[in-house]
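Structure first, then comments.
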Amino acid sequence: MNVLILGAGGREYSIGLALKKDTNVEKIYFAPGNGASDTIGENIEIEDFSKLADFAETHAIDLTIVGPEAPLVEGIVDVFKERGLTIFGPTAEAAQLEGSKIFMKNFLARHDIPTAKYIETDSLQEAYTFIETLTAPIVVKADGLCGGKGVIIAQSHEEAKKAAGEMLSGDSFGSAGKRIVVEAFLDGYELSVFAICDGEEYVVLPAAQDHKKLLNNDEGPNTGGMGAYAPTPLVDDAIYAKLDERVIKPTLKGMKEEGMPFTGVLFIGVMVVKGEPIILEYNVRFGDPECEALMPLLKSPASELFYKAAIGDLKSATIEFKDAYAVGVVMASKDYPYKSSPPAEIIIDDIYHEELNENAHIAYAGVSRGTDGKLYASGGRVLVCVGLGQSIKEAQKNAYLLVGQVHFSGKQCRTDIAYQVL
Ligand code: AMP
Ligand code: GLY
């Protein structure tokens, strides 16, 4: 089959790598892709949804996979479905699970799915009153999409009130902050759980842990994610069972009952508090860099998973995962996450070590190809070095051996990915 992947990051690159290994897949296109995805498939420069659908029709695309949340929330799946095209992802209505934090929190409340105590409001007075009932830290969230920046963990009541005021006035996030969620802080460890859903059935992927802070030991500012590993032993059978019964099943049932069956990746941001999984948020797409760690663990053909989910036939699929671990280490540019950095040439040493070649690879993200044909670091998160192994320690060793082979001016990475379980 021919597959079109929408997006430009390491997430989409890693989906491309998984499809490339799949003998059912003939041709892969990326829109727009990045400076390295042209080694996996062909990059195309189309943004408009109906023009993308035209492309899918004229190029006999059997399956389109949407990487990022924005086109999902903006309704690309609806456009493709109206044209009778097969696409993996939720409709705009179902994508509200990520597109509106208020929708998500109210949905959780309606279906009795465990989440932090909250209010949603557009009134500063109401926000102030609720803030007074909580103990710091206090969490204030803009309702709409803010590129991962719309959540403030306030360390005091004053800071929470200030954040609420700045959001509601439109100063900090424009219209995305005109309504807000104020909620209690959850103290525990955070996990990323992904369920591939076809509207009714689902497949749960090995649980992953992201590292959101820039620096070792979870210090420094928040980022999109500096590394991830999977499966994490922090999720035992008891937690999987609770997630299944209390979260995933009621979510899919609830979405169906409310007339918006969920197809695509349900990304469950979980905080485990005293052994109980509490939902922080839903996203409607893969996490990045979690996806880069998960894709190489897939044993079954990637097309089987995504295609069967897209056509609503997961029950006929047998999806298997390797009995292995993956660790992904993000290499970022000099000024990430503060500002963009000047392009820097990427040089990768030849790897003569057969075992490393087999057990480590790069998922390229913020890279572009120069007119000289060379690869340049051009984005914040430049690439992810992914190591595989029979233990997390071995996977981590392979990832960092590969990190040692990669050079570009100003490169930075954490040296402790997976530290919580080692
Ligand atoms: P969200 O986009 O809602 O996942 O929030 C971004 C990040 O803020 C999460 O990944 C958590 O690290 C943190 N966070 C959000 N809500 C809470 C909460 N209620 N308690 C503790 N941390 C939170
Ligand atoms: N790594 C977290 C995210 O993609 O939102």
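The values are calculated or read from the model by the stated rules, or taken from the named source; none is laboratory data. On a predicted model such as this, the values are computed, not experimentally measured, just so you know. Note: ideal-geometry Cβ built from the backbone for every residue, glycine included; neighbour counts use all protein chains shown.
Yes or no: residue 293 within 14 Å of ligand 2 (Cβ to nearest atom), within 15 Å of the chain's Cα centre (by Cα) and small (Gly, Ala, Ser)? Write out each step before concluding.
Details: within 14 Å of ligand 2 (Cβ to nearest atom): yes; within 15 Å of the chain's Cα centre (by Cα): yes; small (Gly, Ala, Ser): yes.
Answer is yes for this residue.
Given the criteria buried (at least 18 other Cβ atoms within 10 Å of the Cβ), within 15 Å of ligand 1 (Cβ to nearest atom) and either at pLDDT below 95 or within 22 Å of residue 98 (Cα to Cα) (or both), does residue 160 qualify?
Numbers: buried (at least 18 other Cβ atoms within 10 Å of the Cβ): yes; within 15 Å of ligand 1 (Cβ to nearest atom): yes; either at pLDDT below 95 or within 22 Å of residue 98 (Cα to Cα) (or both): no.
Taking the combined requirement at face value, the residue does not satisfy it.
Looking only at region 309-319, decide whether some residue is more than 30 Å from residue 200 (Cβ to Cβ), crowded, with 17+ Cβ neighbours inside 10 Å and touching a Cys at 6+ places or on another chain (Cβ under 9 Å). Lay out the reasoning, then the answer.
Initially, region 309-319 is screened for residues more than 30 Å from residue 200 (Cβ to Cβ), giving none.
Checked against the condition, which is being more than 30 Å from residue 200 (Cβ to Cβ), crowded, with 17+ Cβ neighbours inside 10 Å and touching a Cys at 6+ places or on another chain (Cβ under 9 Å), region 309-319 yields no hits at all.
Tally up the residues in region 172-196 that are assigned to a helix (DSSP H, G or I) and away from ligand 1 (no atom under 15 Å from the Cβ), please.
Step one: filter region 172-196 for residues assigned to a helix (DSSP H, G or I), giving 174-177.
Filter once more, keeping what is away from ligand 1 (no atom under 15 Å from the Cβ): 174-175.
Result for region 172-196: 2.
It is to be established whether one or more residues within region 188-195 are closer than 22 Å to residue 72 by Cβ and among the aliphatic types (A, V, I, L, M). Reasoning before the result, please.
Initially, region 188-195 is screened for residues closer than 22 Å to residue 72 by Cβ, giving 192-195.
From what's left, among the aliphatic types (A, V, I, L, M): 193, 195.
The answer is yes; a qualifying residue exists.
Could you look through region 1-60, keep only residues that are in a loop (DSSP other than H, G, I, E, B) and among the polar types (S, T, N, Q), and pick out the one that is surrounded by the fewest Cβ atoms within 10 Å (Cβ to Cβ)? Can you show your working first?
Of all residues in region 1-60, those in a loop (DSSP other than H, G, I, E, B) come to 1, 8-9, 21-26, 33-36, 40-41, 44-48, 59-60.
Among the residues that remain, those that are also among the polar types (S, T, N, Q) are: 23-24, 34.
Details: 23: 7, 24: 13, 34: 25.
The qualifying residue surrounded by the fewest Cβ atoms within 10 Å (Cβ to Cβ) is 23.
Taking region 185-220, which residues are within 23 Å of residue 325 (Cα to Cα), free of Cβ contacts under 8 Å to residues at least 40 places away in the same chain and small (Gly, Ala, Ser)?
207
Considering only residues that are assigned to a loop (DSSP other than H, G, I, E, B) and either among the aliphatic types (A, V, I, L, M) or under 21 Å from the mean Cα position of the chain (by Cα) (or both), look in region 341-369 and name the one that is nearest to residue 204 (Cα to Cα). Show your work before the answer.
Step one: filter region 341-369 for residues assigned to a loop (DSSP other than H, G, I, E, B), giving 341-343, 346, 349-353, 365-366.
Checking the rest, the ones that are also either among the aliphatic types (A, V, I, L, M) or under 21 Å from the mean Cα position of the chain (by Cα) (or both) come to 346, 351, 365-366.
On the way: 346: 36, 351: 35, 365: 25, 366: 29 Å.
Per the stated criteria, the residue is 365.
Find the residue count for region 81-90, including only residues that are surrounded by fewer than 20 Cβ atoms within 10 Å (Cβ to Cβ) and β-branched (Val, Ile, Thr). Full working, then the answer.
We begin by selecting, within region 81-90, every residue surrounded by fewer than 20 Cβ atoms within 10 Å (Cβ to Cβ); these are 81-86.
Among the residues that remain, those that are also β-branched (Val, Ile, Thr) are: 86.
So the count comes out to 1.
Please go through region 63-80 and give me each residue that is in contact with a Phe, Trp or Tyr (Cβ under 9 Å, 6 or more places away or on another chain) and surrounded by 21 or more Cβ atoms within 10 Å (Cβ to Cβ), ordered by number.
Passing the criteria: 63, 64, 65, 66, 67, 71, 76, 77, 80.
Can you find a residue in region 163-171 that is at pLDDT 95 or above, among the charged types (D, E, K, R) and within 15 Å of ligand 1 (Cβ to nearest atom)?
No - not one qualifying residue is present in region 163-171.
Could you please find all residues in region 205-240 being among the aliphatic types (A, V, I, L, M), more than 21 Å from residue 297 (Cβ to Cβ) and more than 16 Å from ligand 2 (Cβ to nearest atom)? Break it down into steps so the answer makes sense when it comes.
Going through region 205-240, the residues among the aliphatic types (A, V, I, L, M) turn out to be 205, 207-208, 214-215, 226, 228, 230, 234-235, 238-239.
This time we only want the ones that are more than 21 Å from residue 297 (Cβ to Cβ), so: 214-215, 238.
Listed by number, the residues that qualify are 215, 238.
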